[in-house]
Every structure is written in structure tokens, then in C-alpha cells.
Amino acid sequence: MTETRLTIESLGHKGEGVATHDGRRIFVPFTLPGETVLADVSDDRAEAVRFEVTSPERIAPECPHFGVCGGCQVQHLSPSLYRDFKIGLIETPMRRLGLEQPVDAFHDARGEGRRRATLHARREGAGYMRARSHQVEPIEHCPVLAPSLASAPRIVKELGALLGECDVSLTATEGGIDAAVRVARNRTRPDALSSLFRTLKLARLAINGEAVLMAGRPFVRIGLAEVDLPIGSFLQATEAGEKLLSEFVLTHTEGGSRIADLFCGLGPFALRLAERGPVTAFDSDKPAIAALGQAAPRTRGLKPIAAKARDLFREPVTRFELDDFDTLVLDPPRAGAEAQVREIAASRVGRVVMLACDAQSFARDAAILVDAGFALDHLTGFDQFTYSSHVEIGAVFARAVTKGTKRPFRP
Ligand SMILES: C[S@@+](CC[C@H](N)C(=O)[O-])C[C@H]1O[C@@H](n2cnc3c(N)ncnc32)[C@H](O)[C@@H]1O
């Protein structure tokens, strides 16, 4: 293969350098704008073989596996370029839809590090998948994990040695580490599994969605509450992220008296909002709704939470039902919340505080709200997926005049 000289012009949304060659855009991982590289080009992708010019914005990565391991994409960016890259992830898809709102604040939400992660055990070892590969990069340590998950690579390696090739999701809870394994077939002898479970000091071991061993109670503290963690339920990646997102929600729902938390999960927002007043909370994850429904009444100092299991894609809360609320919190999965947002657009709700983990679907949903007469008042970034090409978004949409009335909206 002949080497091609490429000059990197910009960063793509996956953190790869982008060059133009023969009129085509070529993506070159681990390169930066302003750099010139000799690269092996294959279709629209290239691998930098030699750097002729390097950028002053390039810094040494924190992890020796960076560049091979597929877990991180952008450890080589200076702090200012890193921040610009993450803000660009939010602003670019919005600009494409005619929404020119700039990001008004950007918060580092790394905190102590990630409290949950999925690693893979394969013949070659335990770790994350290599970039664009089905091979695992074996690791001993991952710097983006919280200290409470420092043993994650060892746990996954030992589970793999016993169970064979498997994927393991680990969550650090107040009751210890919760491990959920996905494996083709579990033929392990129960006594061997119990012995490893005790050695690894896990709180719970689930295999293919079912708890097989339990030593402690895996639970998380959310505000004043203790919430049992169901197997596979969603939890914000870092504790700092959960706290910052919750502060954003609490600040921007201030004054709302009839609040619904849509896509509430285990209730990090609902449980904190309930310190101020009653909340109605919806999510399709039945075990999460049950855990929230049990935690709220046993927590002193909370107003009632009505926790409801409902698929908001198929059966969004309708424009008529939304008459019960003046303020909504909305935190959908990556696909966004198009069906729900269309109902909100047609409703008389005055304020929507939206959190999002996918900038493309967020931009689509934001445009629906803006077209319906909402003003986008705040747009904030939260970085809990450190060194990845993901970013969390917080946004506040408010109507100057509540739809269907002549009165200005007063929360
Ligand atoms: C990004 S998480 C947010 C959860 C919670 N707000 C939090 O901060 O932990 C998205 C949530 O959407 C829920 N979800 C996914 N698809 C859904 C659907 N079709 N209807 C309702 N909830 C859904 C998931 O169960 C998950 O709890």
C-alpha cells in the first residue's frame, strides 16, 4: 500500500482527524487539525503511519493503551481543544437544523471516575474492544474508572477464566460490586462459581439477566433515599455526573408546582425533586420503577412520588394528560424522545428541562420544541464520559406564553 500525505483540517464527531484527498473526506484516527501525516488510506479511512508535522495542541495520553484500546478516542487533545471538541459535539448538529444557540456552560463531570463499565473476557485477555476490531485489548488498569472499580479488569479476567468468553457489566454500589455477565452458555459447576464469587467479594452475580449469587444488597444512595439497583437498570456513569445533572434539573424546575419526570430511571431527579414537592415519574423499565416506588415511601422527608411503568415511545404521555403538569423533566435514551416531544409540542406545558446523551436526536427533538414556540433558554454540556466522543446535554425550553392561553407562563 502506498503512503499518502494528508493534512488534517478538522476533528470529526468521533474525535478522528478529517483530511480532504482527491475531493473526498478521509478520517484519520488519533490525528489533530494542523497535523501532516503519511497515512495508509483505505476508502474513507486512513491510518497515520508517520507524523511530519504535529500540533502544539497534542498532549501525552494518560493511558498506555490509548490508540489501541477502543474505550477512549480523545486522550491526546489539549484541555482547550478537548473542551472545544465536546462543545462542538453539541452545537454542530443543532446548527445544521438552524438552531444557533451556543453552549453557555460546560462542566467536567468525571469526578472520581466511572462507577459502571462493561468489559469483555476473551481468549486474549480481559479489557475493552480494540478500536474497529472484535479483539480485546487486555488491560490491568483503566484510568477512567472510579477507585471502587479499580479491580474491574481482574474480576472480568477471573470470571472469564471460569465461565469462558463473556461480557461483564460492573457497577460499584454502596453494597459492593454488582456483576452482570452475558455468556453463551453457563456450564460452570455451582460450587466453583460460589467459590470465585466469595474470592472476588462481589455483592451480586447475575448471569444472563438472573441473579445467581448474592452476598450483600446492591443499592445506590440518591439524595435522601437508598434505592435497590435492579439488574441492568440505568445509572448515570459517574456519581459527579448524576449530581451535576440533578443540580441542573433542580435549578431550572424551581417554581414548578406540578412536575413530571419522564424517562426517570431509578429516580435521581424525581427523588431530589420530591424533597420540594410531589412528582409523577415514568419509565419503561419495570424493575427500576418498582425500586423507585419502594424507595420513595420509606425515605423520610420526601413528598409522594407516583412512579409509573410506561413505554413512552409507543404510548407517550398525551397532550391532554400533560395538562396535569406545568414543568417536565425529560431524559430519554440515545434514540431521543420524538413521539413524546411531539405531544409536549402540542400541549400547554410551559417548561421542559431536557437531558440528553445523543446530540443528533437531541437536536431533532429541540427543533420540534422550538418550532412549537418554546424558547431554548439554556444549553449546557456535562462531560462524564471522559476521553470519549460522547457528551451529556442539559437544556431548558420555556414558552413565553402558555399554549392555548393569553397569560404569560409563571411557574
Ligand atoms: C438516559 S436514561 C435516564 C434515566 C434517569 N433519568 C437517570 O438519570 O438515571 C434513559 C431512561 O429511559 C428509559 N427508557 C428507554 N426506553 C424507554 C421507553 N421506550 N419508554 C420509557 N422509558 C424508556 C430507560 O429505562 C432509562 O431509564
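Numbers below:
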{"quantity": "Hits in region 15-33 (condition: loosely packed, with under 15 Cβ neighbours inside 10 Å and either in contact with a strand residue (DSSP E or B) (Cβ under 9 Å, 6 or more places away or on another chain) or not basic (Lys, Arg) (or both))", "calculated": "Thr20, Asp22, Gly23, Arg25"}
{"quantity": "Qualifying residue in region 215-230 (condition: at negative phi, of a type in the set (Asp, Glu) and modelled with pLDDT of 95 or more)", "calculated": "yes"}
{"quantity": "Every residue from region 340-359 that is among the basic types (Lys, Arg) and either under 14 Å from Thr327 (Cα atoms) or surrounded by 22 or more Cβ atoms within 10 Å (Cβ to Cβ) (or both)", "calculated": "Arg348, Arg351"}
{"quantity": "Enumeration of residues in region 177-204 that are among the small types (Gly, Ala, Ser) and under 22 Å from the mean Cα position of the chain (by Cα)", "calculated": "Ala179, Ala180"}
{"quantity": "Single match in Ala337, Ala260, Ala237 (criterion: hydrophobic (A, V, I, L, M, F, W, C), over 20 Å from the mean Cα position of the chain (by Cα) and within 13 Å of the ligand (Cβ to nearest atom))", "calculated": "Ala260"}
{"quantity": "Test for Phe382: is it on the phi < 0 side of the Ramachandran plot, touching an Asp or Glu at 6+ places or on another chain (Cβ under 7 Å), within 12 Å of the ligand (Cβ to nearest atom) and at pLDDT 95 or above", "calculated": "yes"}
{"quantity": "Residue in region 382-395 that is without any contact (Cβ under 8 Å) to a residue 60 or more places away in the chain and either among the small types (Gly, Ala, Ser) or not in a loop (DSSP other than H, G, I, E, B) (or both) present", "calculated": "yes"}
{"quantity": "Output for region 1-29, where each listed residue is touching a Phe, Trp or Tyr at 6+ places or on another chain (Cβ under 6 Å) and outside any strand (DSSP E or B)", "calculated": "Gly12, Glu16"}
{"quantity": "Qualifying residue in region 386-401 (condition: charged (D, E, K, R), more than 16 Å from the ligand (Cβ to nearest atom), modelled with pLDDT under 95 and out of contact with any Ser or Thr (no Cβ under 6 Å at 6 or more places or on another chain))", "calculated": "yes"}
{"quantity": "Region 160-189, residues that are in contact (Cβ under 8 Å) with a residue 40 or more places away in the chain and touching a Gly at 6+ places or on another chain (Cβ under 7 Å)", "calculated": "Cys166, Gly175, Gly176, Ala180"}
{"quantity": "Single condition Gly164 does not satisfy, out of (1) over 30 Å from Arg45 (Cβ atoms); (2) surrounded by 17 or more Cβ atoms within 10 Å (Cβ to Cβ); (3) out of contact with any helix residue (DSSP H, G or I) (no Cβ under 7 Å at 6 or more places or on another chain)", "calculated": "(2)"}
{"quantity": "Residue tally, condition of a type outside the set (A, V, I, L, M, F, W, C) and within 22 Å of His252 (Cβ to Cβ), over region 266-300", "calculated": "9"}
{"quantity": "Pick from region 304-326, criterion of a type in the set (Asp, Glu), touching a residue at least 24 places away in the same chain (Cβ under 8 Å) and away from the ligand (no atom under 14 Å from the Cβ), ranking: surrounded by the most Cβ atoms within 10 Å (Cβ to Cβ)", "calculated": "Asp326"}
{"quantity": "Residue that is nearest to the chain's Cα centre (by Cα), among those in region 340-358 that are touching a residue at least 60 places away in the same chain (Cβ under 8 Å) and assigned to a strand (DSSP E or B)", "calculated": "Leu355"}
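The values are calculated or read from the model by the stated rules, or taken from the named source; none is laboratory data. This structure is a prediction, so every number in the text was calculated from the model and none was measured. Here the Cβ is made from the backbone with ideal geometry for all residues, glycine too, and neighbour counts use every protein chain on show.
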